[in-house]
Amino acid sequence: MTAPPTPLRFGYGTNGFTNHRLGDVLTVLADLGYDGVALTLDHGHLDPYAPDLPRRVAEIARDLDRHDLDVTLETGAPYLLDPWGKHQPTLMSDAAEHRIDLLRRAVRIAADLGSPTVHLCSGPAPHDGLPAGDAWKRLAAGVETVLETAEEYGVSLAFEPEPYMFVDTVERCLELAELVGGHELFGITLDVGHAHCVEERTVLECVRLAAPRLLNVQIEDMRRGVHQHLEFGAGEIDFPPVLAALRDLGHRGLVSVEIQGGSLDAPDVARRSIEFLRAAAA
């Protein structure tokens with residue numbers, strides 16, 4: 001007799017709770033019945049450059065355990081490294097060592113928190129006339145450097161295609177996977193809204209294409225061609241088939257809501273989101 005598919009596990013991104021202390025975020029999410037949290041390294045909740053970082057990480061690990069929440073670590077804070085340049089520097093920049101240092105820190109923090117993955121993205125294409133071939137080489141070299149640390153700690157890198165960035169589609173993410181030798185610790189974070197926004201393929205086709213390397217899923221509603229993270233029902237995506245496809249593929253990572261603009265009403269947005277996802281998954 002065939003066993004039923006494993007139920008999906010839902011998380012919520014801390015970048016949608018920027019007006020809350022992190023301890024309170026975890027309490028709210030646990031009370032609402034979320035299975036985990038997508039924790040973004042940033043100035044507010046967990047600064048990877050804080051002088052008391054070991055103490056903070058130990059404290060958060062205890063809170064996660066107390067609330068029985070899984071965690072995935074994210075590094076998409078847009079101004080963490082450069083207050084003027086969004087997502088700068090990148091792994092393709094002349095100052096790529098700063099991004100490499102951040103990602104290595106993230107891997108070590110992930111290991112301490114029990115996160116199996118670290119999320120990362122390419123950032124925008126270089127604006128200094130760097131040829132695309134050289135940009136690919138720099139990006140792959142930077143990822144390979146971080147993978148050395150990932151091997152040491154047993155943490156996977158979950159690369160996300162982002163709209164209007166250098167790596168903006170699942171296909172280009174798979175191209176990067178080839179450039180790093182198909183490394184077993186290189187995987188994909190698929191954002192359902194992003195796929196609907198920019199991909200030529202349907203969302204379901206993107207799920208199937210990413211499936212062999214799929215580690216994390218981010219989810220929100222969105223409109224075609226407009227990179228704005230919306231509450232469920234405010235965009236154009238038909239979610240039940242997407243969730244069914246993820247479940248049938250046996251996806252075991254978190255499916256994390258990412259609605260950055262909902263911070264002023266974060267508890268209510270999180271409540272509406274988990275109610276919607278439970279109904280759509282059923």
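Of the listed peptides 232-238, 211-217, 49-55, what is their order by residue-averaged count of other C-beta atoms within 10 Å, with the highest listed first?
On the way: 232-238: 15.7, 211-217: 21.0, 49-55: 11.1.
Highest-to-lowest ranking by the protection proxy: 211-217, 232-238, 49-55.
Say R0 is 30 Å: what FRET efficiency, to the nearest 0.05, do ARG9 and LYS137 get from their beta-carbon distance? Mind dumping the intermediate values first?
Numbers: r = 37 Å, r/R0 = 1.23.
Using R0 = 30 Å, I get an efficiency of 0.25.
So which trypsin sites (Lys or Arg not before Pro) in segment 68-129 are both in a DSSP loop and have at most 14 other Cβ atoms within 10 Å of their Cβ? Mind showing how you got there, number by number?
Numbers: sites: LYS86, ARG99, ARG104, ARG105, ARG108; in loops: LYS86.
Answer by residue number: LYS86.
At 1.4 Å probe size, with every protein chain present, just tell me what the per residue accessible area of segment 43-108 comes to in Å². Present the calculation step by step, with values, prior to reporting the outcome.
Working: 3390 Å² over 66 residues.
Accessible area per residue: 51 Å².
How much length would be gained if the chain were fully extended between ARG224 and TYR79, taking 0.36 nm per residue of separation minus their Cα-Cα distance, in nm to one decimal?
49.6 nm
Counting only protein heavy atoms and a 1.4 Å probe, tell me what percentage of the chain's accessible area is made up of carbon and sulfur. Kindly include the intermediate steps, with their values, before the conclusion.
On the way: 6260 of 12630 Å².
It is 50 percent, rounded to a whole number.
Enumerate the amide H contacts of VAL118 below 5 Å, restricted to partners 5 or more residues apart or on another chain; note that Pro and chain-start residues carry no placed amide H.
The answer is SER156, LEU157, ALA158.
Testing the spin-label approximation: label points 7 Å from Cα along Cα→Cβ at ARG55 and ALA95. State their distance in nm.
If labels sit at ARG55 and ALA95, their model points lie 2.9 nm apart.
Taking 0.36 nm per intervening residue step and subtracting the Cα-Cα distance, what contour gain separates LEU249 from ASP65 on full extension? Please report the intermediate quantities before stating the final value.
Details: separation 184, 0.36 × 184 = 66.24 nm, distance 2.78 nm.
Going from the current span to full extension adds 63.5 nm.
If I stretch the segment between GLU178 and ALA282 completely, what's the gain in nm (0.36 nm per residue apart, minus their alpha carbon distance), one decimal?
Details: separation 104, 0.36 × 104 = 37.44 nm, distance 3.65 nm.
Length difference between fully extended and current span is 33.8 nm.
Between segment 177-241 and segment 61-118, what is the C-alpha centre distance in whole Å?
Value for the Cα centre distance between the two parts: 20 Å.
What is the distance, in nm, between label points placed 7 Å from the Cα along the Cα-to-Cβ direction at ASP265 and at ASP238?
My value for the distance between the label points is 2.8 nm.
Can you compute the label reach from ALA125? Point 7 Å from Cα along the Cβ direction, backbone N cut-off under 13 Å, restricted to segment 166-197.
What the label zone holds, given the 13 Å backbone N cut-off, is 166-169.
The values are calculated or read from the model by the stated rules, or taken from the named source; none is laboratory data. Remember, predicted model here, so these are calculated numbers, not experimental data. Please note: Cβ atoms are built from the backbone with ideal geometry, for glycine as well, and neighbour counts cover all protein chains shown. To get the accessible areas, we keep the full protein, side chains included, count just its heavy atoms, and leave off ligands, DNA and RNA. Shrake-Rupley method; radii C 1.70, N 1.55, O 1.52, S 1.80 Å.
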